[in-house]
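The values are calculated or read from the model by the stated rules, or taken from the named source; none is laboratory data. These figures come from a predicted structure and were not determined experimentally. As a convention, Cβ positions derive from the backbone with ideal geometry for all residues, glycine included, and neighbour counts pool all protein chains shown. Surface accessibility is based on the protein's heavy atoms, side chains included, excluding ligands, DNA and RNA. Shrake-Rupley method; radii C 1.70, N 1.55, O 1.52, S 1.80 Å.
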Amino acid sequence: MIGLKPVLYKGLALFTPGEDVVFCRDPSKQGQWHQSLCQALQQLLDLEEPPLFLSPCYTAAVDYWFDEEEQCLRVAAEVYPLAWPYRPLLNALFAPPYQPALPWQLVQDPQHPCDVQALEAYRSSFPQLWEHHQLIYDLQEATPLSSFVPRPSEPDRYVFRLYVRGETHAAEVALKNLHDLLSRSLKVPYTLKVVDVTKQPELAEEDQVQATPTLVRVYPQPVRRVVGHLDHRDRLQRLLSP
């Protein structure tokens, strides 16, 4: 390693259940990169909010530092359980040429155990995370190293279900806002079915609706939903994305 300048940085990778990954390298070692990676996934996969629940189960971190006492480069590499199978890819992302395999250590955090069942509960709200987009994204480069599957063109129609509880004034306002938005935004026909959960609980169970009002885009796939107040047009606009 004579004449080789040490590269000191902290690296972080965040995987999804669908095997996509976003990562970064921070020479300053001071950035709040986990939040940035979650925000990147939100934008790239068109999520309603950053998927902070992926931490720590789907993360891996590597830290390079210079040992002044021993005058040598040191490395610590930690990976959480659900990211453990991706060590070959992590080596490709973070390992230097002179050390093709990093000394990965499996992290078992008793304060933040990996609860697979708890993660599975997010699938219906974040279905994009369980899809494989062939995504390897370097946050510093701000360009994908492998491309997404091309977005489909606009569908021939849309089908929505609006779940409410009883015939209330709030339900009427939500319905009016929706019709206004859909009429202005869509160039294709749409169907909007209003479902009273007190009269059709089986439909609410089918769409995993636990609160009202909830708007569900049934078609086209993937299923998307907005829960709570429906007067935020930016939130509703996400339902119309491909």
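Each residue in the range 157-210 was checked for being of a type in the set (A, V, I, L, M, F, W, C) and part of a strand (DSSP E or B), and 7 of them qualify. Screening the candidates Phe94, Phe66 for the property of being farther than 16 Å from Ala13 by Cα and over 15 Å from the mean Cα position of the chain (by Cα) yields one hit, Phe66. If you take the residues in the range 193-221 that are hydrophobic (A, V, I, L, M, F, W, C) and touching a Leu at 6+ places or on another chain (Cβ under 6 Å), which one is surrounded by the most Cβ atoms within 10 Å (Cβ to Cβ)? Selected residue: Leu215.
Each row is one residue, and each column tells you yes or no for (1) among the aliphatic types (A, V, I, L, M); (2) open to solvent by less than 60 Å² (accessible area, probe 1.4 Å).
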position	(1), (2)
Gln39	no, no
Gln42	no, yes
Leu45	yes, yes
Pro56	no, yes
Ala60	yes, yes
Tyr64	no, yes
Gln71	no, no
Val75	yes, yes
Leu106	yes, no
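Here Leu119 meets the list (1) within 17 Å of Ala13 (Cα to Cα); (2) surrounded by 15 or more Cβ atoms within 10 Å (Cβ to Cβ) almost entirely, failing just condition (1). Applying a threshold of 6 Å to beta carbon distances and a minimum spacing of six or more residues, or different chains, the list of pairs starting in the range 30-57 at a residue that is modelled with pLDDT of 85 or more and ending at one that is open to solvent by 50 Å² or more (accessible area, probe 1.4 Å) reads Cys38/Leu52; Pro50/Gln39; Phe53/Tyr122.
A count restricted to the range 104-133 and to residues that are closer than 18 Å to Ala61 by Cα and either among the hydrophobic types (A, V, I, L, M, F, W, C) or modelled with pLDDT of 90 or more (or both) stands at 5. The residues of the range 77-104 that are open to solvent by 40 Å² or more (accessible area, probe 1.4 Å) and within 14 Å of Glu19 (Cα to Cα), listed by number, are Leu82, Trp84, Pro85, Tyr86, Arg87, Pro88, Leu89. Scanning the range 211-227 for residues that are part of a loop (DSSP other than H, G, I, E, B) and either among the hydroxyl-bearing types (Ser, Thr, Tyr) or touching a strand residue (DSSP E or B) at 6+ places or on another chain (Cβ under 6 Å) (or both) gives Ala211, Thr212, Pro213.
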